[in-house]
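Visitor: Here it is, the structure, as structure tokens.
The values are calculated or read from the model by the stated rules, or taken from the named source; none is laboratory data. All figures in this text were calculated on a predicted structure; none of them were measured in a lab. All Cβ positions, glycine included, derive from the backbone under ideal geometry; neighbour counts span all protein chains shown. Quick note on the areas: whole protein, heavy atoms, side chains included, nothing else; ligands and nucleic acids left out. Shrake-Rupley method; radii C 1.70, N 1.55, O 1.52, S 1.80 Å.
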Amino acid sequence: MSGADRIKAPRGTFDVLGESSAARAVLEDRARAILGGAGYERIETPTFEATELFARGVGESTDIVSKEMYSFADASGRSLTLRPEGTAPVCRAYVEHGMHKLRQPVRLWYLSSFFRHERAQAGRYRQFWQIGAEALGSEDPAVDAESISLLAGLLDELEVASLRLRLSSLGGLAARQEYRERLQAHLREHAGRLSEEVRGRIELNPLRAFDSEHPGTRAVMQSAPRLLDFLSAEDAEHFAEVRARLDVAGVAYEIDPTLVRGLDYYTRTVFEFTSDRLGAQAGVGGGGRYDGLVQQLGGPPTPGIGWAAGIERILLAGAAPHPAPAPVDLFVAYGHSRESEPATGRHAPAGAFALLSEARAAGLTAQMELAGRSLKGQLGYANTLEARYVAIVGAGETVLKDMLGSSQETVAQDAVVHAVLRGLRTL
Ligand code: HAM
């Protein structure tokens, strides 16, 4: 029989199944413990937002906004975009809910899916998950150091291998502007040796030249002016204080004056964790300060700092967390009248379902046979589930097997749950 054409998941997307979903649950638990313990509260923002939020927040000249967004017009003709990142939405929510009136800094974390139309490959997807943390309302360098330390701690706990932390400062807007002009002059002077792409972006986004793999461009960038040399005294002091706090916290880092991040909102501190385990897509997580973003989105002047890390990349570079299997207190099995019959098509007796319901109502974790297996097959299955007890429901009475003690007894069906509870209490 030929079926209909199979429909596949879109390129760059994937299904989260079995072990992977269990590993993600462990990651989420660890994140909640670490971030919740540090005073961060969970936030959920909508999957889609007004396109304008990202155009204004992330920046028109970035790759994300200029070519990677999933934007669409809804039925009323309004342009919406599947969120490509989480910082602009969090700042939007901060402004929308008047969070500047709360005690500062307001600290929020999220674990959500994001969407970018990128070239799909291992570690780079079109729908991916990030865990992120944002602290709004304080420009104290201790907040920078705390934010970075929390990500370092999370990655350490998840055993992400061969980690490197690169750190830099982009300074304030005035220094950036002056630096930008100096860099543009340098690029124009050596335009002939640059890649076509970099040459085309001299006016729009000259800083991205530091990201280029093109040999000629790389050579030109070796002698390019460095932003760190342009910082104001105040910004340089802020950066020194961030470093001093990371030092006392024992977080190792390298200063990398060529570190540029692919989003326009950054000011002052920027950082990125990479893992040599990951090959081409080495970025595990990164972030920085965005002291002008809230105001740019219509809110009061509010400093902010945060980071996001890719869940898939953490799992690729880390020791897969081993979730403890959910315990099964009771597996409800049943006998067939003639064991030799093929099992398919047989339905479980109502008595088995009644026992399952009673067990769950009493607070036990319970499962039952749902595939019409032979009794032998059911016992094998209960074994793989590591069920502590198996009840084999018969016509009048039920056999209760203690899978740990390898003993069994015959009990009336209405006494099974009581017997299991009693048995568990004696563990
Ligand atoms: P981002 O560097 O664009 O920063 O993304 C953060 C992390 O998300 C990356 O380091 C990477 O692990 C993961 N990631 C990004 N794109 C993909 C993809 N296509 N497939 C798989 N993983 C990916 C931000 O998004 C900023 N919002 C971070 C931030 C928060 N800055 C301040 N606060």
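Visitor: For an R0 of 35 angstrom, estimate the FRET efficiency from the Cβ-Cβ distance between residue 241 and residue 13 and round to the nearest 0.05.
Guide: Approximately 0.25, to the nearest 0.05.
Visitor: Still on this model: Using θ = phi - 60° and the Karplus form 6.51 cos²θ - 1.76 cosθ + 1.60, what ³J(HN,Hα) does each residue of the stretch 162-177 get, whole Hz, x for Gly and Pro?
Guide: 6, 7, 10, 10, 9, 9, 7, 9, 9, x, x, 5, 5, 4, 4, 5
Visitor: Grab the beta carbon distance between residue 142 and residue 48, set R0 = 25 Å, and tell me the FRET efficiency rounded to 0.05.
Guide: With R0 = 25 Å, the Cβ-Cβ based efficiency is 0.10.
Visitor: In the stretch 298-427, what % of DSSP beta bridges are antiparallel (nearest 5)?
Guide: 60
Visitor: Once you list every other residue whose beta carbon is under 9 Å from the beta carbon of residue 389, what net charge do they have if Lys and Arg are +1 and Asp and Glu are -1?
Guide: With Lys, Arg at +1 and Asp, Glu at -1, the net is 0.
Visitor: Estimate the FRET efficiency between residue 409 and residue 360 by the formula 1/(1 + (r/R0)^6), using the beta-carbon distance for r and 22 Å for R0, to the nearest 0.05.
Guide: The formula returns an efficiency of 0.50 here.
Visitor: Cβ under 12 Å from residue 246's Cβ, residue 246 left aside: what net charge do those residues give with Lys, Arg +1 and Asp, Glu -1?
Guide: Here the count lands on -3.
Visitor: Going by Cα centres, the stretch 1-44 and the stretch 139-181 are how many Å apart?
Guide: Their Cα centres are 26 Å away from one another.
Visitor: Cross-link partners among lysines for residue 376, C-alpha distance below 24 Å, same-chain residues fewer than 8 apart left out?
Guide: Output for residue 376: 401.
Visitor: Between the stretch 223-276 and the stretch 120-136, what is the C-alpha centre distance in whole Å?
Guide: 22
Visitor: Can you tell which of 242, 374, 191 lies farthest toward the positive end of the dipole of the chain, using +1 and -1 charges on the Cβ of basic and acidic side chains (Lys, Arg; Asp, Glu)?
Guide: 374
Visitor: Could you order 266, 125 so the one with the most accessible surface comes first? Probe is 1.4 Å.
Guide: Highest to lowest solvent-accessible surface, that is 125, 266.
Visitor: Give me the distance in nm between label points sitting 7 Å out from Cα along the Cα-to-Cβ direction at residue 71 and residue 350, one decimal.
Guide: Placing both labels 7 Å along Cα→Cβ, they lie 6.1 nm apart.
Visitor: Summing Lys, Arg as +1 and Asp, Glu as -1, what charge do residues with Cβ under 14 Å from the Cβ of residue 178 carry, residue 178 excluded?
Guide: After counting each charged neighbour, the total is +1.
Visitor: Shifting gears a bit: Nearest-5 percent of antiparallel DSSP beta bridges in the chain?
Guide: Percent antiparallel among DSSP bridges in the chain is about 80.
Visitor: By its C-alpha gyration tensor, with a ≥ b ≥ c as the square roots of the eigenvalues, how is the stretch 1-111 shaped: rounded for a/c under 1.5, else prolate for a/b larger than b/c, else oblate?
Guide: oblate
Visitor: Can I ask one more? At a probe radius of 1.4 Å, what is the per-residue accessible area of residue 69, in Å² to the nearest 10?
Guide: Near enough 40 Å² of accessible area.
Visitor: To continue, here is another question. Provide the solvent-accessible area of residue 414, counting protein heavy atoms only and rolling a 1.4 Å probe, rounded to the nearest 10 Å².
Guide: Ignoring ligands and nucleic acids, residue 414 comes out at about 130 Å².
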